[in-house]
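The structure appears below as structure tokens.
The values are calculated or read from the model by the stated rules, or taken from the named source; none is laboratory data. All of these numbers come straight from a predicted model, not from anything done at the bench. Positions of Cβ are generated from backbone atoms using ideal geometry, with glycine treated the same way; all protein chains shown enter the neighbour counts.
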């Protein structure tokens, strides 16, 4: 009996040590959101029926394999996926190896978010948003009449990133080389031409709570429905500030699509958002504007929204807002028909 008790104690201690080692080296976090959208009128590009959306569930896993080597991945289940019924989506948002050299230099390889602007690298993490969704005018411009987005969501390839201080102020950068986007092959497996996409972002914090940054993206794509290559280039300037009782952020993006042998398509987008901070409640307002072709009149679109973000519990948020979308008559998506839409969500992070 005594031997059995001692053996049981040893096994329990061994299990506790193994568990401690596991939690020290591997961390699992995540987030989830449920949304509701309802267009208030009969006409427009919103949801006239009023629909609930099991928007997504993400598991974020970080494994520290050595003191210098980390593996990170984000696994997502979107819109209540059921593969046997062909519903929803299951995806690897990112999966990369990261090797630490110095604070100012880390090297990554794998599938990664494209480092552009304020939202793309957190676009699946809805608890980090003040609003229900990220801005359409800069990050989801296909919703406002552009043929493609200013930059793809993801890229497969290599990246260098790091951070440091300049005159006592923080800065950070990311530089990424990837296959770019493609509609003829899987861009996370192969490229459809010899050109590679380059993305970069630089941020600086001149004051406490204030960050300013620049982003750029350049690629040469080979779409199936276009003869020859299309140069895609986008640049942005962005800034954010958050104080004790208020915050503000904004971004301006300019880009072009330049097909060989065809006319160039210049476009631009911008947004500005302000919010207050009153304990658990954050009222917010955002103005967005997108011009799908700056050489064409009467095709621009505007989105204005206001709402409330309420922290129900630690990491648990309720958001509700009213959006109004308008456009010129030549906008290919909105077609000049203004509409209002009510949006709400529950988002949780853990």
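Quick check, is residue 286 surrounded by 14 or more Cβ atoms within 10 Å (Cβ to Cβ) and closer than 22 Å to residue 143 by Cβ? Taking the combined requirement at face value, the residue satisfies it. Residues that are modelled with pLDDT of 95 or more and within 23 Å of residue 340 (Cα to Cα) were ranked within the stretch 24-46; the one that is surrounded by the most Cβ atoms within 10 Å (Cβ to Cβ) is 33.
Residues are listed down the side, and each one gets a yes or a no for (1) at pLDDT below 95; (2) within 30 Å of residue 99 (Cβ to Cβ); (3) over 15 Å from the mean Cα position of the chain (by Cα):
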| position | (1), (2), (3) |
| --- | --- |
| 136 | no, no, no |
| 145 | no, no, yes |
| 168 | yes, yes, yes |
| 171 | no, yes, yes |
| 179 | no, yes, yes |
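Within the stretch 65-77, if we keep just the residues that are buried (at least 16 other Cβ atoms within 10 Å of the Cβ) and touching a residue at least 24 places away in the same chain (Cβ under 8 Å), the residue that is farthest from the chain's Cα centre (by Cα) turns out to be 70.
Yes/no per residue for (1) under 16 Å from residue 133 (Cβ atoms); (2) assigned to a loop (DSSP other than H, G, I, E, B):
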position: 270; (1), (2): no, no
position: 282; (1), (2): yes, no
position: 286; (1), (2): yes, no
position: 289; (1), (2): no, no
position: 293; (1), (2): no, yes
position: 297; (1), (2): no, yes
position: 305; (1), (2): yes, no
position: 310; (1), (2): no, no
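Just one of the listed residues (256, 277) is under 28 Å from residue 132 (Cβ atoms), surrounded by 15 or more Cβ atoms within 10 Å (Cβ to Cβ), free of Cβ contacts under 8 Å to residues at least 60 places away in the same chain and touching a strand residue (DSSP E or B) at 6+ places or on another chain (Cβ under 9 Å), and it is 277.
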